[in-house]
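Undergrad: For reference, the structure I am asking about is given below.
The values are calculated or read from the model by the stated rules, or taken from the named source; none is laboratory data. Only a predicted model underlies this, so the values are computations on that prediction, with no experimental measurement involved. For neighbour counting, all protein chains shown are included, and Cβ atoms are generated from backbone atoms with ideal geometry for every residue, glycine included.
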Amino acid sequence: MSQLNRYPSAAIFMHWLMLILLAGVYAMIELHDEFPDGSPSYELLETWHYMLGLTVFVLVGLRLVLRSRYTAPPIEPLPPAWQRRLSRLVHGLLYALMIGMPIGGWLMLSAKGETIPFYGLTLPALVPPNEELAELIEEIHETIGLTGYYLIGLHALAALLHHYLIRDNTLQRMLPWGGRKS
């Protein structure tokens, strides 16, 4: 596949790095419930959930800068307009997830009066402690987090459907190894 029909290497790298980070964010929060509340393992997984989430937030900024510097390679053959609109909507929601969830987590920890760890640093609180606000943000954070599973799954399913059923180059444009139509 020609380089003109693929995303730039930096964009491909960032796409798959974000997937790995998001998988880590979700894994940490799911696994922490396997340990007693307050245990060292529970606390460690929760801390890594926070740090990986904030890493997503930092890197999504870089990803947006990269996106502004290139035009997405064309999908061949061109999908119908409704699919292109749905794709833009899902991508927009994924970016909102990658930006909003870390900010929501930071706000929640701030409202709980907890420290916000980030690789040896302690980030400043965004709001003063407020138990009611913390509970509200936590409910919203958990609900959006569950929605994230569906968005990520929809994104992956669409890529696979385009590759195996529609047989266009949607997935190939983002594969790190170039990919071939099967």
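Undergrad: Quick one: how many residues across the stretch 59-102 are β-branched (Val, Ile, Thr), in a helix (DSSP H, G or I) and over 27 Å from LEU133 (Cβ atoms)?
TA: 2
Residue by residue, here is whether (1) in a helix (DSSP H, G or I); (2) more than 18 Å from LEU21 (Cα to Cα); (3) at pLDDT 95 or above holds:
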| site | (1), (2), (3) |
| --- | --- |
| GLY104 | yes, no, yes |
| VAL127 | no, yes, yes |
| GLU138 | yes, yes, yes |
| THR147 | yes, no, yes |
| LEU157 | yes, yes, yes |
| LEU165 | yes, yes, yes |
| ASN169 | no, yes, yes |
| ARG173 | yes, yes, yes |
| PRO176 | no, no, no |
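Undergrad: Starting from residues that are over 18 Å from LEU86 (Cβ atoms) and without any contact (Cβ under 8 Å) to a residue 12 or more places away in the chain, keep the ones in the stretch 139-153 and report whichever is surrounded by the most Cβ atoms within 10 Å (Cβ to Cβ).
TA: Among those residues, the one meeting the criterion is GLU142.
Undergrad: Here is a follow-up. Need pairs with beta-carbon distance below 7 Å; first residue on the phi < 0 side of the Ramachandran plot and within the stretch 25-48, second surrounded by fewer than 15 Cβ atoms within 10 Å (Cβ to Cβ) and not in a helix (DSSP H, G or I); sequence gap 6+ or separate chains.
TA: Final answer for the pair search is TYR42/PRO36.
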